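Input: a single structure, listed below in structure tokens.
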Amino acid sequence: MKRIALLAALVLIPVVAAAQESTIFSGDIDHGGYGGMVTKLTSINGELGVMMGGEGAWVIDHTAYLGFQGTGLVNRMDAKKLQTNGEPYVLRVNEFGLRAGYIHNSDDVLHLTAGTLIGGGSMLLSERFVWTDDSDVQWDTDQMYFLLEPEVAAELNVTKWMRVAATGSYRFAIGADYEGMTESDLSGPTGSLTLRFGWF
């Protein structure tokens, strides 16, 4: 009889443990997603850089997001290297990566989010040219670097399908070493404004 009771206990322990299992998300989980347009103001090579691009994310139970972002430098910026004519080359920068983070009180009109972008970037030099015609531009080989960008944002619910986020972050360009430019030249504090459209 004792053996039967012991066997029953051994069988029931996993069942009880499974019933008490804790998870990050429980019950019915809502799923959403959005796409957005991003504008960043940041420090690149000691100057103000304007980067523009897009992002998209999967929203999990109004609490977390997982997605991607890609931006590129849109204003003309001088590199440190000079051409043979004495004029500096033009610096081109593009960045991309995966984003993941937490959404606090998503249903509040104004709420906070926090997360990190992990990815990479590329920089290259090109000859100076008229931006409307780059057919004869000579391009240098691009150089890649690792990008880590923690961020905190205030997000405003404009409508059920539109949100606006003002974000503060810091870009760590790790491994950037190219034509006189270093990690400190590519890294810096960043302010972003993002328009997001979708299901939240």
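The values are calculated or read from the model by the stated rules, or taken from the named source; none is laboratory data. What you see is a predicted model, and the numbers here were worked out from it, not measured in a lab. Positions of Cβ are backbone-derived with ideal geometry, glycine not excepted, and every protein chain shown enters the neighbour counts.
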Notebook entry, point to check: Name the pairs: first residue in segment 44-62 and under 20 Å from Leu112 (Cα atoms), second residue at pLDDT 95 or above and among the aliphatic types (A, V, I, L, M), Cβ to Cβ under 6 Å, at least 6 apart or on different chains?
Noted result: Glu55/Val38; Trp58/Leu66
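Take Val130 and tell me if it is more than 18 Å from the chain's Cα centre (by Cα), modelled with pLDDT of 95 or more and exposed (fewer than 13 other Cβ atoms within 10 Å of the Cβ).
Details: more than 18 Å from the chain's Cα centre (by Cα): yes; modelled with pLDDT of 95 or more: no; exposed (fewer than 13 other Cβ atoms within 10 Å of the Cβ): yes.
Here the answer is no, as Val130 does not meet what is asked.
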Check: Tell me, which residue of segment 95-124 that is β-branched (Val, Ile, Thr) and surrounded by fewer than 17 Cβ atoms within 10 Å (Cβ to Cβ) is farthest from Thr63 (Cα to Cα)?
Finding: Ile118
Margin query: For segment 13-60, give me each residue that is modelled with pLDDT of 95 or more and small (Gly, Ala, Ser).
Written below: Gly32, Gly33, Gly35, Gly36, Gly49, Gly53, Gly54, Gly56, Ala57
Notebook entry, point to check: So which residues in segment 161-186 are in a loop (DSSP other than H, G, I, E, B) and at pLDDT 95 or above?
Noted result: Trp161
Margin query: Just the residues that are of a type in the set (Val, Ile, Thr) and within 14 Å of Gly191 (Cβ to Cβ), please, taken from segment 150-167.
Written below: Val152, Val164, Thr167
